[in-house]
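A quick write-up on the structure given underneath.
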Amino acid sequence: MFKKILIANRGEIAIRILRACRELGVGAVAVFSEADRASLHVRLADEAYPIGPSPSRESYLRIDKLMDVARRADCDALHPGYGFLAENPELARACLAAGITFIGPAAEAMEQMGSKTAARQLARRAGVPTVPGVVEPIEGLEKASQLARDTGFPVLLKAVAGGGGKGMRLVTGEAELPAAWRDASSEALNAFGDPRLYIEKYLDRPRHIEIQILADQHGHIVYLGERECSVQRRHQKVIEEAPSPVMDAPLRRAMGEAAVKLARAGGYTNAGTVEFLVDAARNFYFLEVNTRLQVEHPVTEAITGLDLVKLQVRIAAGEPLPFVQEDVALRGHAIECRLYAEDPDNNFFPSPGTILARRVPSGPGIRLDDGVYPGWTVPTEYDPLLGKLIAWGADRGEALARMRRALEEYYVSGIRTNAGLFRRILADAEFARGEIHTRWLDEWLKAPAAATESGSARSPRSAAGVAGAKSEQAAGRQGSVEDAALLAAALWHLSKNGSSSIEGSAAEKPESRWKLEGRRAQLDRAPGR
Ligand code: MV4
């Protein structure tokens, strides 16, 4: 086992990794940008090192600085988390060159999956169904026109280097192709430095269902069931759940075995996610592979009883998987809400600021993975994800009921959050029936206030909205009293300690143990805790 792991990330995922390190008895080294001096992941770590100014280009995306810290702190492994450099083969290569184990797949596997056309070729070679279309980058508009006709409209132009919907354009007929080609190509160049595009047949309202896999370095590969991730907004997942409401044992086995075949063909190791689109007739099509731990991994942990981060570390350390496929049993149902500092009533505008008060939900079946505390200021520089609320239940109904209950308990002041949006979605009849697809949330958000066609309480702000509004008001009344007390406590706390001096010494040397204990004690005393 490793002695010390560098956590090359921030926020809730840095804390999630840190917790795994603690349970494994492995040292946890944090890095932080200037904006993150006072962040929770820094306070909880054994050691913390500054890596530069707030913009991620100058800190969390700097491979040279990360490797420098890894060497200075004498780390023998590095966990990249998700986002930032998590799927960058250059980081994996730099680790290899420095004799530091990268906790993830090999650089070559990341590279292959990074090219969406290469991944499609791999899937076809492995006998995994792919969306109809091409598997080579397209030379130019002339060729594209021919290939679009061959595929049959509507088609999607997609970026070879893509993912996350960037450089993607829907083309419903020949006439739209030239403009769409130019737009998609320049967007791809902008986002990925690679303008190349390919074509897929457009599937209408598919579900997005992904399979979690684990592969050790001894040829053992397992699948850990699926996650239903269809509730998205602008290619950002909002709610995830496991299992998928449309899944049954035969389909799960077929998709799971397809994912394992693909991983085997690609020489894949460590944790990975194979994404599929599933149409209304429950045909599944390979989409892409995510070569990282994913934000939504806790719903899989909840129904499998496994700790994916600890397993990632063990696999990277060369240990064989401690179980086989037949041992993987799925139990109950889990759902996750991504809590953001953003304002759903103002076009989801980010709402950074200082958290004044916060009440965390708990009780049966509830898990909160977050990275914030009262008195802390959500930085403007990064994705304003506050954390994830996960509810588990014996069945989907109980999981949803627990999530509704936990959302009522959850309360934050000082910033706006999307918690109210979740209360409204969880009150929707269609959602409750699991009748969701990749355009469901966009359509739901656009639904006029009184629309109740197809017998569903679709409206975000009318019928379904009332229940949500009531609990928000209740929380608000209680909150104003709490706020006054907590604001006073926060001010006292800051006057006693001085917000900058707390972290002021973190700059040059790893923290000594007594200082860390002091920090923890401060944290324990922090208002609202
Ligand atoms: C598609 C599709 C329909 N047909 N491909 C969006 C992000 C990228 N990872 C793939 N995406 C899609 N690819 C074909 N051939 C619809 C989407 C899509 C989508 C996929 C997953 C989750 C949410 C989505 C929202 C809109 C479109």
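The values are calculated or read from the model by the stated rules, or taken from the named source; none is laboratory data. Computed from a predicted structure; not experimentally measured. Cβ placement follows ideal geometry from the backbone for every residue including glycine, while neighbour counts extend to all protein chains displayed.
Scanning the range 161-182 for residues that are over 27 Å from residue 434 (Cα atoms) and out of contact with any strand residue (DSSP E or B) (no Cβ under 6 Å at 6 or more places or on another chain) yields 161, 162, 166, 172, 173, 174, 175, 176, 178, 179, 181, 182. Those strands (runs of 3 or more DSSP E) of the range 314-421 in which at least 2 residues are charged (D, E, K, R), considering only elements entirely within it, cover 333-340, 357-359, 366-370.
Conditions (1) in a loop (DSSP other than H, G, I, E, B); (2) within 24 Å of residue 333 (Cα to Cα); (3) out of contact with any helix residue (DSSP H, G or I) (no Cβ under 6 Å at 6 or more places or on another chain), marked per residue:
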| site | (1), (2), (3) |
| --- | --- |
| 219 | yes, no, yes |
| 225 | no, yes, yes |
| 244 | yes, yes, yes |
| 277 | no, yes, yes |
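A quick yes/no check of all residues on (1) more than 16 Å from the ligand (Cβ to nearest atom); (2) within 28 Å of residue 136 (Cβ to Cβ); (3) within 19 Å of the chain's Cα centre (by Cα):
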| site | (1), (2), (3) |
| --- | --- |
| 202 | no, yes, no |
| 218 | yes, no, no |
| 226 | no, no, yes |
| 232 | no, no, yes |
| 246 | no, no, no |
| 255 | no, yes, no |
| 271 | yes, no, yes |
| 276 | no, yes, yes |
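Residues that are out of contact with any Gly (no Cβ under 8 Å at 6 or more places or on another chain), basic (Lys, Arg) and surrounded by fewer than 22 Cβ atoms within 10 Å (Cβ to Cβ) do not occur anywhere in the range 405-412. Check residue 212 against each of (1) surrounded by 21 or more Cβ atoms within 10 Å (Cβ to Cβ); (2) within 13 Å of the ligand (Cβ to nearest atom); (3) polar (S, T, N, Q) and name the one condition it does not meet. Checking residue 212 against (1) surrounded by 21 or more Cβ atoms within 10 Å (Cβ to Cβ); (2) within 13 Å of the ligand (Cβ to nearest atom); (3) polar (S, T, N, Q), the one that fails is (2).
Can you go through 120, 149, 125 and tell me which one is within 13 Å of the ligand (Cβ to nearest atom), among the charged types (D, E, K, R) and at pLDDT 95 or above? Explain how you work it out, then say what you get.
Numbers: 149 fails: within 13 Å of the ligand (Cβ to nearest atom); 125 fails: within 13 Å of the ligand (Cβ to nearest atom).
Being within 13 Å of the ligand (Cβ to nearest atom), among the charged types (D, E, K, R) and at pLDDT 95 or above holds for just one of 120, 149, 125, which is 120.
Confirm whether residue 173 is surrounded by fewer than 14 Cβ atoms within 10 Å (Cβ to Cβ), in contact (Cβ under 8 Å) with a residue 40 or more places away in the chain and not β-branched (Val, Ile, Thr). Spell out the reasoning first.
Working: surrounded by fewer than 14 Cβ atoms within 10 Å (Cβ to Cβ): yes; in contact (Cβ under 8 Å) with a residue 40 or more places away in the chain: no; not β-branched (Val, Ile, Thr): yes.
Answer is no for this residue.
Of all the listed residues (260, 222, 238), the sole one being within 16 Å of the ligand (Cβ to nearest atom) and within 22 Å of the chain's Cα centre (by Cα) is 238.
Considering only residues in the range 165-184 that are more than 19 Å from residue 443 (Cα to Cα) and in a loop (DSSP other than H, G, I, E, B), the one that is nearest to the ligand (Cβ to nearest atom) turns out to be 168.
Which residue, of 200, 187, 210, is more than 23 Å from residue 316 (Cβ to Cβ) and assigned to a strand (DSSP E or B)? Walk me through how you get there before you give the answer.
On the way: 187 fails: assigned to a strand (DSSP E or B); 210 fails: more than 23 Å from residue 316 (Cβ to Cβ).
Every option except 200 fails the conditions.
Going by what's in this entry, would residue 53 be described as in a loop (DSSP other than H, G, I, E, B), touching a residue at least 40 places away in the same chain (Cβ under 8 Å), of a type outside the set (Lys, Arg) and more than 20 Å from residue 13 (Cα to Cα)? No: the conditions fail for residue 53.
Within the range 358-370, residues that are within 19 Å of residue 14 (Cα to Cα) reach partners that are part of a loop (DSSP other than H, G, I, E, B) with beta carbons closer than 8 Å, at six or more positions or on different chains, in the pairs 368/360; 368/361; 368/362; 370/360. Touching a strand residue (DSSP E or B) at 6+ places or on another chain (Cβ under 9 Å) and surrounded by fewer than 19 Cβ atoms within 10 Å (Cβ to Cβ): is that true of residue 252 in this structure? Taking the combined requirement at face value, the residue satisfies it.
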